[in-house]
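Colleague: Handing you a structure now.
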Amino acid sequence: MFDAEHPPELETVRWLNTKKPLSLSALKGRVVVLHAFQMLCPGCVSHGLPQMRRIAQRFHADEVAAIGLHTVFEHHDVMTPAALEAFIHEYRWPFPVAVDAPDGQGPPLTMRAYEMRGTPTLLLFDRRGRLRRHYFGQIDDLRIGAEIMALALEGADAPREAAVAIEGVLSRVIVEPEHHGHHHDHVHGDGCGCEVAVE
């Protein structure tokens, strides 16, 4: 059973946009925002990755670590590490990106360990390394910004009660959006994070 208090380490085979490989354990003390994506995922390219660019640009890297995780579970022949390198260079994504370790048969290892349903998936970790949010699909910038700030305000050594208090404030302040149908210009596959029924 997944333990959000002690989440598993990232299983990666390569890192881009960073001088050395990163790890969740080494990033403790910072808020970590991890965006799991695929290059051929329309929701990732149009929303998730641009959102991560804004996060990387708006928050100091020594306080908030923005990380991409290329987690390929389909179209393996075209979404190769070499293609990913060209994709990162072409779009000038400014944050470190890891390649999720392939399983050989099923979903990549990190994707499976975190029970991700598809891409885009966004994970938020607090300064103590605990997984505090797990989102599948497109998430509003204001909501993510507020949640990052709330986690940033928590001290790395704050007692659990402090986290509970901040969660209470978030639940009172942030309005849950009503689910509205929306139109898409792409085909919904099993891993599409749009979370609407295929018509």
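Colleague: So which residues in segment 11-69 are charged (D, E, K, R), part of a loop (DSSP other than H, G, I, E, B) and exposed (fewer than 15 other Cβ atoms within 10 Å of the Cβ)? Break it down into steps so the answer makes sense when it comes.
Modeller: Going through segment 11-69, the residues charged (D, E, K, R) turn out to be 11, 14, 19-20, 28, 30, 53-54, 58, 62-63.
Remaining after also requiring part of a loop (DSSP other than H, G, I, E, B): 11, 19-20, 28, 30, 62-63.
K19, K20, D62, E63, listed by residue number.
Colleague: I've got another one for you. Looking only at segment 94-116, count every residue that is at pLDDT below 95 and either among the charged types (D, E, K, R) or farther than 24 Å from H47 by Cβ (or both) and tell me the total.
Modeller: Final tally of qualifying residues: 5.
Colleague: Taking segment 43-57 only, how many residues are over 12 Å from the mean Cα position of the chain (by Cα), more than 16 Å from F87 (Cα to Cα) and hydrophobic (A, V, I, L, M, F, W, C)?
Modeller: So the count comes out to 1.
Colleague: Looking at segment 122-142 only, could you name the residues that are under 14 Å from P50 (Cα atoms), crowded, with 20+ Cβ neighbours inside 10 Å and not aliphatic (A, V, I, L, M)?
Modeller: none
Colleague: Quick one: would you say R117 is under 14 Å from the mean Cα position of the chain (by Cα) and surrounded by fewer than 18 Cβ atoms within 10 Å (Cβ to Cβ)? Quick ask: steps written out before the conclusion?
Modeller: Details: under 14 Å from the mean Cα position of the chain (by Cα): yes; surrounded by fewer than 18 Cβ atoms within 10 Å (Cβ to Cβ): yes.
Criteria met by R117.
Colleague: Something else: Return the residues of segment 29-51 that are within 19 Å of M149 (Cα to Cα) and among the hydrophobic types (A, V, I, L, M, F, W, C); say none if nothing qualifies.
Modeller: V31, V32, V33, L34 - these are the residues of segment 29-51 that are within 19 Å of M149 (Cα to Cα) and among the hydrophobic types (A, V, I, L, M, F, W, C).
Colleague: Every residue in segment 91-114 that is in contact with a helix residue (DSSP H, G or I) (Cβ under 8 Å, 6 or more places away or on another chain), under 27 Å from M1 (Cα atoms) and surrounded by fewer than 22 Cβ atoms within 10 Å (Cβ to Cβ), please.
Modeller: Of everything in segment 91-114, those that are in contact with a helix residue (DSSP H, G or I) (Cβ under 8 Å, 6 or more places away or on another chain), under 27 Å from M1 (Cα atoms) and surrounded by fewer than 22 Cβ atoms within 10 Å (Cβ to Cβ) turn out to be A101, P102, D103, G106.
Colleague: Out of the residues in segment 70-85 that are buried (at least 20 other Cβ atoms within 10 Å of the Cβ) and not aliphatic (A, V, I, L, M), state the one that is nearest to P21 (Cα to Cα).
Modeller: Across segment 70-85, the extreme among qualifying residues is H70.
Colleague: Kindly indicate whether R127 is farther than 15 Å from Q38 by Cβ, of a type in the set (D, E, K, R) and touching a Gly at 6+ places or on another chain (Cβ under 6 Å). Before you say what the answer is, go through the steps one by one.
Modeller: On the way: farther than 15 Å from Q38 by Cβ: yes; of a type in the set (D, E, K, R): yes; touching a Gly at 6+ places or on another chain (Cβ under 6 Å): yes.
Taking the combined requirement at face value, the residue satisfies it.
Colleague: Can you tell me which residues in segment 7-31 are within 12 Å of L131 (Cβ to Cβ) and in contact with a Gly (Cβ under 8 Å, 6 or more places away or on another chain)?
Modeller: P7, L24
Colleague: Okay, next question. Exactly one of these conditions fails for P94: (1) under 23 Å from I148 (Cβ atoms); (2) in a helix (DSSP H, G or I). Give me its number.
Modeller: (2)
Colleague: Let me ask another. Among the numbered criteria (1) over 13 Å from the mean Cα position of the chain (by Cα); (2) crowded, with 23+ Cβ neighbours inside 10 Å; (3) among the β-branched types (V, I, T), which one does I88 miss?
Modeller: Single failed check for I88: (2).
The values are calculated or read from the model by the stated rules, or taken from the named source; none is laboratory data. The model shown is predicted, which means the values in this text are computed figures rather than measured ones. Don't worry about glycine lacking a Cβ; one is built from the backbone with ideal geometry, like all the others, and counts go over all protein chains shown.
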